[in-house]
1. Return yes or no: is residue A:308 polar (S, T, N, Q) and surrounded by fewer than 24 Cβ atoms within 10 Å (Cβ to Cβ)?
2. Filter the stretch A:19-44 for residues that are under 20 Å from residue A:241 (Cβ atoms) and either open to solvent by 30 Å² or more (accessible area, probe 1.4 Å) or touching a strand residue (DSSP E or B) at 6+ places or on another chain (Cβ under 6 Å) (or both) and give the result.
3. Could you tell me whether any residue of the stretch B:308-319 is under 14 Å from residue B:353 (Cβ atoms), out of contact with any Lys or Arg (no Cβ under 8 Å at 6 or more places or on another chain) and away from chain A (no Cβ under 14 Å)?
4. Being touching a helix residue (DSSP H, G or I) at 6+ places or on another chain (Cβ under 8 Å) and part of a loop (DSSP other than H, G, I, E, B) is the filter; apply it to the stretch B:61-72 and report the residue that is surrounded by the most Cβ atoms within 10 Å (Cβ to Cβ).
5. Here is a list: B:111, B:64, B:58. Which entry is at positive phi, within 24 Å of the chain's Cα centre (by Cα) and not hydroxyl-bearing (Ser, Thr, Tyr)?
6. Considering each residue of the stretch A:212-235, count those that are in contact with a helix residue (DSSP H, G or I) (Cβ under 6 Å, 6 or more places away or on another chain), farther than 21 Å from residue B:312 by Cα and open to solvent by less than 10 Å² (accessible area, probe 1.4 Å), and give that number.
7. Going through the stretch A:156-178 one residue at a time, which ones are under 19 Å from residue A:253 (Cα atoms) and part of a loop (DSSP other than H, G, I, E, B)?
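The values are calculated or read from the model by the stated rules, or taken from the named source; none is laboratory data. Only a predicted model underlies this, so the values are computations on that prediction, with no experimental measurement involved. A quick note on method: Cβ atoms are made from the backbone with ideal geometry, for glycine too, and the neighbour counts reach across all protein chains shown. The protein model used for the area step is the full one, side chains on, heavy atoms only, and it has no ligands, DNA or RNA in it. Shrake-Rupley method; radii C 1.70, N 1.55, O 1.52, S 1.80 Å.
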Protein chains: 2
Amino acid sequence: MHAYLDNHSAAKPCSSALERMKPYLEDEWGAFFSPHQKGIEQAHALSGKVEALYDFVRAKPEDRFYFASSGADAIQKLLDHLYLEASRKEGKTRYIASSLEDAPLLHGLKRLEELGCHAQIIPAREDGRVDLKELEEAIDPRTALVSVSFAQGLTGVIQPIEEIAGICRKRGVLFHVDATYAAGKLPLEIAGDYLTFAGDRMHGLKSSGALFAKSSVPFPSLGSSVDVPSLAALSAAAQQAVLSMDLMGLETARLRSRFEEGILEEVPGAKVLFADSLRLPNVSLFTFAGVHAEALLYALHRKKVYATIGGVYHQHLHRLLLACGEEDAGAVSFCLSRYTTEGEIDFAIAKIGEAVRFLQSLSGGL
Amino acid sequence: MHAYLDNHSAAKPCSSALERMKPYLEDEWGAFFSPHQKGIEQAHALSGKVEALYDFVRAKPEDRFYFASSGADAIQKLLDHLYLEASRKEGKTRYIASSLEDAPLLHGLKRLEELGCHAQIIPAREDGRVDLKELEEAIDPRTALVSVSFAQGLTGVIQPIEEIAGICRKRGVLFHVDATYAAGKLPLEIAGDYLTFAGDRMHGLKSSGALFAKSSVPFPSLGSSVDVPSLAALSAAAQQAVLSMDLMGLETARLRSRFEEGILEEVPGAKVLFADSLRLPNVSLFTFAGVHAEALLYALHRKKVYATIGGVYHQHLHRLLLACGEEDAGAVSFCLSRYTTEGEIDFAIAKIGEAVRFLQSLSGGL
């Protein structure tokens, strides 16, 4: 028995993604650009699958789509393009992002800074949402892009995307939404100008990501080679996510409640963060008084409960909470998926209780 | 029955690549960076597989490796990095490439030109090799990189890599070798400073590529997320390629000879190009007098013989031949793999004969 509650680091590829991909690995493995049977197969293969991805984000037929090799690739391609179009050609060298963003965007901004651009990071408020007032004040005529995630992966807090889109529209600034953690948990749409997401956080493959753009905004021209097997898998994952949206909103949300109630009952000094904010239905962020997060994560790993405290790809949870003005007393993020079972939840509650009580006893209790 | 002779556009993923990948799609699908069981599995998964890739290019342990999402990605990451390190910081804004290079490098150079760099394209000689004298003359103190493919994919001509490496060493200029078409056909090594190749042209997956660098040269730091399934497949494809190197050098080369002799015997006005140059054992480039290449390609497609005249991802064969000072009279490239059978070859000879004779009869013969 184990409980995998780290689905925002990686989510198990769903069987329909693997099944959908299979024929393009075994039989129809030609190059997309070949003007003969093995290429034509690839073009046929795309038919319906790209449309499913358009449906997934409710894109219009005239909107643009680039199939990326990961969520990070989607973001990098967008930033590379905007650097050329907005920064070099129009002198718009300022990039605005929330302090809640993940490594791919932050690395991309770091690279832009090496190229002479300026990245401005907008703080978050105590409710885990980006500070709209600060964001609006940061925008100036040299702003190339505002980038904010649809939802933060470790806190689960949903960001005020519609309001930010309104601000950006009013100020004539491009707006990118990274929907990596919202994809498959909430219905999506291209609320801003650009939308990206990663396949491996929505039960697709690591080799997949997507960049969508409204028809009205600059869009990179990015060659003609397409990794059809990975795209097929992403398309299947998207369709499966839509079919499972009710499951996610009802059953996964119910399990999350069971988890939070169980922990609060079972574990002394436990507190759910951002419980009053609008959150994804599958994320639970706890602090445990008198416990070091790293020690707890390690103890949980030994007990086969897999969770995260961020770092590396994610933001460090510690820094994330500081950014929101929260005290970080043993904060650990638990992230369910539609495959999470009640058995896993009950197992996790028991094991977390054991681990926290043991660590609290070492540190002299509360 | 059909004959797939377009293996330099895409090569069938080998069964050992698919088998090697499978457990990482179905069971060990965690994130590489997670500090718990599902992440540790990923680190274990890499053990041995990265070493196999080092062995494949005879890299030293201190040499550097980046797992790319494609051959194009490997090249782009290298150019992006050199732009920052050599062009921005040291003012080295000149990039030299042969006129034989493929779309990924040419697109990359185009982007560098948009960033204010200068790309100089070195012509090829009549023997299909890059002109070393012109190359050496092009190098100046502002040269950031020389980039030449190990072998050209459509002509099969092997380039004088060792000599170019010597020139670059002498002149203190970085040298990148794209080994995409040589990988799996010839033993590789990092002859210059950087080596790249693509998985899908060596019976791996489209979602894989590699960038190697000597330990002494600048190398990008490129994040921590690794697509383990695709890397596992590439590793298996590399090992399989090494095991099949004799097969490639003997049996595939024999089939290529049978193909060329058969065509020359069967088809009036047929000529093998670059037959006297050092070539890959699996590529055959023909011209057919009195025939339009496009018409022939289409006729062959109807007869289920799949070949290429370049374009899109590859160079256009037409332009490639002009670059070598060759007249393009119905040039078509045929590219075998270790899976090509004698039956396919004989089928192809017969069908090519039919198609060429028919098209020649339409155009009034020779």
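1. Details: polar (S, T, N, Q): yes; surrounded by fewer than 24 Cβ atoms within 10 Å (Cβ to Cβ): no.
The answer is no for residue A:308.
2. A:19, A:20, A:22, listed by residue number.
3. Step one: of the stretch B:308-319, the residues under 14 Å from residue B:353 (Cβ atoms) are none.
No - not one qualifying residue is present in the stretch B:308-319.
4. B:69
5. On the way: B:111 fails: at positive phi; B:64 fails: at positive phi.
Result: B:58 is the single residue among B:111, B:64, B:58 that is at positive phi, within 24 Å of the chain's Cα centre (by Cα) and not hydroxyl-bearing (Ser, Thr, Tyr).
6. Of the residues in that region, 4 qualify.
7. A:156, A:159
Yes/no matrix, rows are residues, columns are (1) closer than 18 Å to residue B:217 by Cβ; (2) without any contact (Cβ under 8 Å) to a residue 24 or more places away in the chain; (3) in a helix (DSSP H, G or I):
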position: B:59; (1), (2), (3): yes, no, no
position: B:76; (1), (2), (3): yes, no, yes
position: B:84; (1), (2), (3): yes, yes, yes
position: B:95; (1), (2), (3): yes, no, no
position: B:104; (1), (2), (3): no, no, yes
